[in-house]
1. Pairing the Cα long axis of helix 276-295 with the longest principal axis of the chain, what angle in degrees results, from 0 to 90 and rounded to the nearest 10?
2. Go through region 246-260 residue by residue and turn each phi into a ³J(HN,Hα) via Karplus (6.51, -1.76, 1.60, θ = phi - 60°); whole Hz please, and just put x for glycine and proline.
3. Ordering 336, 123 by how much accessible area each has at a 1.4 Å probe, largest first, what is the list?
4. Using Cα atoms only, what is the angle between the long axis of helix 103-113 and the major principal axis of the chain, expressed in degrees (0 to 90) to the nearest 10?
5. Mind checking which lysines have their C-alpha under 24 Å from residue 330, skipping anything on the same chain fewer than 8 residues away?
6. For the chain, what is the accessible area per residue in Å², given a 1.4 Å probe and the full set of protein chains?
7. Just the ratio, please: alpha-carbon radius of gyration of region 209-350 over 2.2 N^0.38 Å, N its number of residues.
8. Give the distance, in whole Å, between the Cα centre of region 230-261 and the Cα centre of region 1-32.
Amino acid sequence: MSLYLNNAATSWPKPRVVAEEMSNFILNAGANLGRGSASDRDVMTLGLVADTRAKIATLFDGHSDRDPRYVTFTSNVTEALNVVIKGFLRPGMTVLTSSVEHNAVIRPLRSLERKGVRVIVMKCDRNGFLSPSFFEEEIKKHRPNLIILNHASNVCGAIQDIEALCGICGDYGLPVVIDAAQAAGHLPISVSKGDIAALCFTGHKGLLGPQGTGGIVWRPDFAEAVSPLIEGGTGSFSHEEVQPDKLPDKFESGTLNLPGIAGLSAAIDWIDARGIKNIAEKSNRLGEKLLDGLLGMPEAILYGPKTMAGRLPVFAFNVKGWDNAELAFKLNDRWKIETRPGLHCAPLAHRTLGTFPEGALRVSPGPFNEEEDIEFFLNALSELVKDSGE
Ligand SMILES: Cc1ncc(COP(=O)(O)O)c(C=O)c1O
């Protein structure tokens, strides 16, 4: 059996009910959404999708009395971010973003930059934090049309002060888009409280759902200001040759990942039954142990915050004298420990931490890990480090 410590890439294992409900949908339901004859199976699919939308609206405290129409399903957060970014930004507009963003944000922005969108990247500090006062100065200086912020770093785990940053956006009446890829399922997020214009999430990380799921929780007025990226059949308004402007249809052309939605729905129930706070408490306890172990190892150089306050249990580090890819290879080869070396699809974040281009080794425990797993990993790492000194 391997020891999985790569939950920032995707959570694993998933709660058993996730697989069971996906299988149940395929074996016993399976009808498409809005493309049938109101059979029992059609109604089952309709119920599943509507219920899951409502669960997501509630989970993220969506706007407009948690109106589930303002939840859009996508196949991951990358698609969600592309829908928002490419549907809103036009040549001549300015967008502000941070220097810890994932390529899911910066690549679409760089592509729009070539078409005349002004892209300003705000520098975070060496631990990955964006200072609210610097952020406000940048807003005053650049007068952006849109702001896109990472909630929690997939490299060094730094959690931004989203409340303060969103509050500043609110003061200036600016729409803010949040990449909640790593935060969702770990931190309580309120779209309404933060007045977030669009919250983009992925289903397969902290939400413990299957790959191929994700979405957007919209503020209604912002959803109106965004054009759909993909147009086509919605199972509705079939007499019209143009894309409907009503949500959820506006942003959901083509058949949805219905087995995935069944799995995501079960995952959210699983999380709800235990509480995000309790799940996070356990992961943070494991994080604390890992952090202590890494900080106590003189050969290890840890990047990002040095305490659990303000961070997720996602740790990037290098070991003196070791290439991080070789370290990852040896951990897997000798102990079957799964981690992730390199740049983590986030070259900007690594530049910010001072680890570009070599990257770092990332270790990220999840809710199914136990204290013994962390001890096993730390012992294995110590043994490797000892070897390199001989
Ligand atoms: C912060 C962040 N944004 C975006 C993504 C992209 O996620 P997905 O591959 O699910 O679209 C990730 C995944 O690593 C991430 O950590």
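1. Result, in degrees: 30.
2. 8, 8, x, 4, 3, 10, 10, 8, x, 5, 6, 7, 5, x, x
3. On the way: 336 100, 123 125 Å².
Highest to lowest solvent-accessible surface, that is 123, 336.
4. Between the helix axis and the principal axis of the chain, the angle is about 60 degrees.
5. Hits, sequence-local ones excluded: 289, 320, 386.
6. Heavy-atom accessible area per residue stands at 42 Å².
7. It is 1.52.
8. The distance from the Cα centre of region 230-261 to that of region 1-32 comes to 26 Å.
The values are calculated or read from the model by the stated rules, or taken from the named source; none is laboratory data. Just so it is clear, the structure is predicted and the values come from calculations on it, not from any experiment. Note that each Cβ is placed from the backbone with ideal geometry, even for glycine, and that neighbours are counted across all protein chains shown. For the accessible areas, the whole protein counts, side chains as well, though only heavy atoms, and no ligand, DNA or RNA atoms are used. Shrake-Rupley method; radii C 1.70, N 1.55, O 1.52, S 1.80 Å.
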